[in-house]
């Protein structure tokens, strides 16, 4: 028995900021002090508050240390773990309440969250199957194999109202029920998370890989499959490693393979690594890639439930969808239905990023407003800036303006205001963001990631990008705005797969809510946010300029002229709008307009 446990985040974010070195130092210091038999160090998955990494929590006190450095470890070991004195200077400020340490669950970041998909992330060591079993792991699989028929399993998932968390929001139980009879069936997991700013699925795989294996086995039992595939991008090395460990452990424990739980049910899982193609997040392209071909979408129908992997009936869900399954089986459909809204049950995981104080991973009940996520959980916009918009759904979604901050977030409400849930990326933008540039950024990503199979997507998105680029250069016309809208709807209606069909969403939503910015770019030839370089103009205010020559000496293209102790002038024809002059000027004499 250990008298204390030190949980250290081993997710990608904290690992990149040195959490492994902290673990090594912790173990070394504990051994030197003779505490290694009293204090257990546990490497977990993501806690959620990624902006504060590296993160550690010391139990039983529940002390949450944030932004820990290697050089802080001797003090933590000496003061806290040896002498029992909490190192207050390293505590997350919100957990300090007078002379007491407040529970992490009572902080603004966690208070409104409800963790189902993320329930074990930051709690268990994902590389130890016994820790997953200790928190009811594989109990749901045992229940369905020994107490339920396949139809009863599907009925429970149907009744729960669980909808696919990968973006489309299709009812999960209904999808499973569509699988037709056949001699061979497959279960697949979409872990090819490619949206810019999205890291929800990666975090589940890094922090709780066994929940996906268990859920896939439950799905396999429900539809009569004996083989599963997890398609995960190779760019997620920690997730891949932990999945490999988890699969090996599950096989060793008899939870994958033949005669699971002493029944006739046999099921195994293999990994397939994706090379980072965004289009392989589309289900038919993903299955084509698993089969060993170039990842391109296929026309539907037939749908995967009828003709999927290798031409056989297949169920495909994403990581977050699967992560909900075991809890639904154990707690019942009514429990899950009690969370969320009428048409969107349960919770949703969001990767919160952009111009926000608390960057990280959050899981909230469906129906939580954007304002609650941004202002309360996210801690608001830094530096006193105003909220301008939030992009949900990545390149496939749209920008939600401030006027819709109080709209409850669920599948239907987001579609109604011109966005979509997507897989769960949520990028916050402040008043310094140019919405035309944002639309251009997401469209450039889509152009690069288009597989090129269909003309509307391959050519249409390229032409759309060229129009946006023309506008950001100050060469657009009002007629271009009308042409852009027409082209957007053409691409949506005629593209083969969801990537192309949703590609125009960022353009349409910004045109809908921020048309005045487009008009400013086109008519006034200005970028109100001062982002588009071709529309910027740097000038020197003569009354403020001291003639110190610092700006001229640091201009990389020699665009600033003037004599010592006399006002300088910027040659607009030479200026490349790099901003070096503004950074170097000590007198605030250079302005950007």
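What to note about this one:
- Residue among 562, 579 that alone is more than 40 Å from the chain's Cα centre (by Cα), surrounded by 12 or more Cβ atoms within 10 Å (Cβ to Cβ) and either within 25 Å of residue 531 (Cβ to Cβ) or without any contact (Cβ under 8 Å) to a residue 24 or more places away in the chain (or both): 562
- Flag if residue 305 is touching a residue at least 60 places away in the same chain (Cβ under 8 Å), surrounded by 14 or more Cβ atoms within 10 Å (Cβ to Cβ) and more than 19 Å from residue 451 (Cα to Cα): yes
- Verdict on residue 276 being within 17 Å of the chain's Cα centre (by Cα), assigned to a loop (DSSP other than H, G, I, E, B), farther than 30 Å from residue 431 by Cβ and not assigned by TED's automatic domain parsing to the domain that holds residue 67: yes
- Among the residues of the range 464-489, just one is in contact (Cβ under 8 Å) with a residue 60 or more places away in the chain and either under 15 Å from residue 444 (Cα atoms) or not assigned by TED's automatic domain parsing to the domain that holds residue 442 (or both), namely 472.
- Filtering 578, 551 for residues that are outside any strand (DSSP E or B), touching a strand residue (DSSP E or B) at 6+ places or on another chain (Cβ under 8 Å) and not assigned by TED's automatic domain parsing to the domain that holds residue 470 leaves a single hit, 551.
- Those helices (runs of 4 or more DSSP H) lying entirely in the range 117-186 with at least 3 residues more than 19 Å from residue 339 (Cα to Cα) and touching a helix residue (DSSP H, G or I) at 6+ places or on another chain (Cβ under 7 Å): 139-147, 150-160, 172-177
- Given (1) surrounded by fewer than 24 Cβ atoms within 10 Å (Cβ to Cβ); (2) under 30 Å from residue 309 (Cα atoms), number of the condition residue 209 does not satisfy: (1)
- Restricting 532, 551, 497 to residues that are touching a residue at least 60 places away in the same chain (Cβ under 8 Å), over 30 Å from residue 405 (Cβ atoms), crowded, with 20+ Cβ neighbours inside 10 Å and touching a helix residue (DSSP H, G or I) at 6+ places or on another chain (Cβ under 8 Å) narrows the list to 497.
- Among the residues of the range 108-119, those that are out of contact with any strand residue (DSSP E or B) (no Cβ under 8 Å at 6 or more places or on another chain) and either farther than 18 Å from residue 165 by Cα or in the same structural domain as residue 357 (by TED's automatic domain parsing) (or both) comprise 108, 110, 111.
- Selection of the range 184-207 for residues being more than 14 Å from residue 12 (Cα to Cα) and modelled with pLDDT of 90 or more yields 184, 185, 186, 187, 188, 189, 190, 191, 192.
- Looking across the range 380-394, just one residue is buried (at least 24 other Cβ atoms within 10 Å of the Cβ) and assigned to a helix (DSSP H, G or I), and that is 394.
- Matching residues, the range 19-51, being surrounded by fewer than 16 Cβ atoms within 10 Å (Cβ to Cβ) and under 26 Å from the mean Cα position of the chain (by Cα): 20, 21
- Checking the stated criteria, residue 315 turns out to be in contact with a strand residue (DSSP E or B) (Cβ under 7 Å, 6 or more places away or on another chain), crowded, with 24+ Cβ neighbours inside 10 Å and more than 21 Å from residue 133 (Cα to Cα).
- Filtered by the rule that a residue be crowded, with 20+ Cβ neighbours inside 10 Å and in a strand (DSSP E or B), the range 355-379 gives 360, 361, 362, 363, 364, 365.
- Here residue 545 does not fit the description of being assigned to a helix (DSSP H, G or I), surrounded by 15 or more Cβ atoms within 10 Å (Cβ to Cβ) and either over 41 Å from the mean Cα position of the chain (by Cα) or on the phi < 0 side of the Ramachandran plot (or both).
The values are calculated or read from the model by the stated rules, or taken from the named source; none is laboratory data. Note that the structure is a prediction, hence the values are computed from the model and not measured. As a convention, Cβ positions derive from the backbone with ideal geometry for all residues, glycine included, and neighbour counts pool all protein chains shown.
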